Amino acid sequence: MVSDQFAGDWQALQVAGKSLEGLAEFNTLMAKQLSSAKETALESWSGEAAAEAERYFSELSEVVGRQSHAIRGMAEQLDQTSVGMYEASEAIKDLVGMLVDTLIVAGIQFAAALLTGGSVVGAPAAAGLLASALLMAKRAWDIVGNIQKWLGVAWAGAQATIGLVAGHLATVKDKPLPELPSSAYQFGGV
């Protein structure tokens, strides 16, 4: 579809956002489960084993929870961008539909003017039909102007969005997701 060529594949972006939202929710639930499992384990453990387990699982739970927040933020941005792309696609589709309808009416009026203009009696009617067809052609030209205006606005919006997303991604690259603990659970220096 013409509008999709200009506005982009908003559905794929929306799916990507929903996937990230699912990953964020998974991380949130995993952080809660780690905290719960740690509390359960500490009820029966004591000494160095309990202290080391508490440290490790507290750190792991906290890092996984922080990752969830960052991932959820990216998911929201993708979702908002997909809504913007969808709305731009719908606006372009509506304008192109108006243009096609107007050109069809203008074409019919031009054809009718040609058919009726062949006789002396039909000349006044042909002049009226020709004037009407020219008015429809003017309306079509105005719609083309609106399409150009909206495409310009959409293009500027797309560039702004790309700039913001690229800037955010650069920020994410400079500030990566919190890393999971690299050391395994250790007991008694083993």
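List of remarks:
- Residue match in segment 133-150 (condition: under 24 Å from residue 10 (Cα atoms), part of a helix (DSSP H, G or I) and out of contact with any Leu (no Cβ under 7 Å at 6 or more places or on another chain)): yes
- Test: residue 84 is small (Gly, Ala, Ser), exposed (fewer than 15 other Cβ atoms within 10 Å of the Cβ) and part of a helix (DSSP H, G or I): no
- Of all residues in segment 115-133, at least one satisfies being touching a residue at least 24 places away in the same chain (Cβ under 8 Å), surrounded by 18 or more Cβ atoms within 10 Å (Cβ to Cβ) and not charged (D, E, K, R).
- Residue 95 touching a residue at least 12 places away in the same chain (Cβ under 8 Å) and out of contact with any strand residue (DSSP E or B) (no Cβ under 6 Å at 6 or more places or on another chain): yes
- Checked against (1) in contact with a Ser or Thr (Cβ under 7 Å, 6 or more places away or on another chain); (2) hydroxyl-bearing (Ser, Thr, Tyr); (3) under 26 Å from residue 182 (Cβ atoms); (4) modelled with pLDDT under 85, residue 81 meets all criteria but (3).
- Residue 91 more than 26 Å from the chain's Cα centre (by Cα), of a type in the set (Gly, Ala, Ser) and closer than 30 Å to residue 134 by Cα: no
- Flag if residue 57 is in a helix (DSSP H, G or I), within 38 Å of the chain's Cα centre (by Cα), closer than 22 Å to residue 182 by Cβ and at pLDDT 90 or above: no
- Scanning segment 62-76 turns up no residue that is within 30 Å of residue 145 (Cβ to Cβ) and at pLDDT below 85.
- Count of segment 140-190 residues which are modelled with pLDDT of 60 or more, of a type in the set (Lys, Arg) and loosely packed, with under 11 Cβ neighbours inside 10 Å: 0
The values are calculated or read from the model by the stated rules, or taken from the named source; none is laboratory data. Note that the structure is a prediction, hence the values are computed from the model and not measured. Note that each Cβ is placed from the backbone with ideal geometry, even for glycine, and that neighbours are counted across all protein chains shown.
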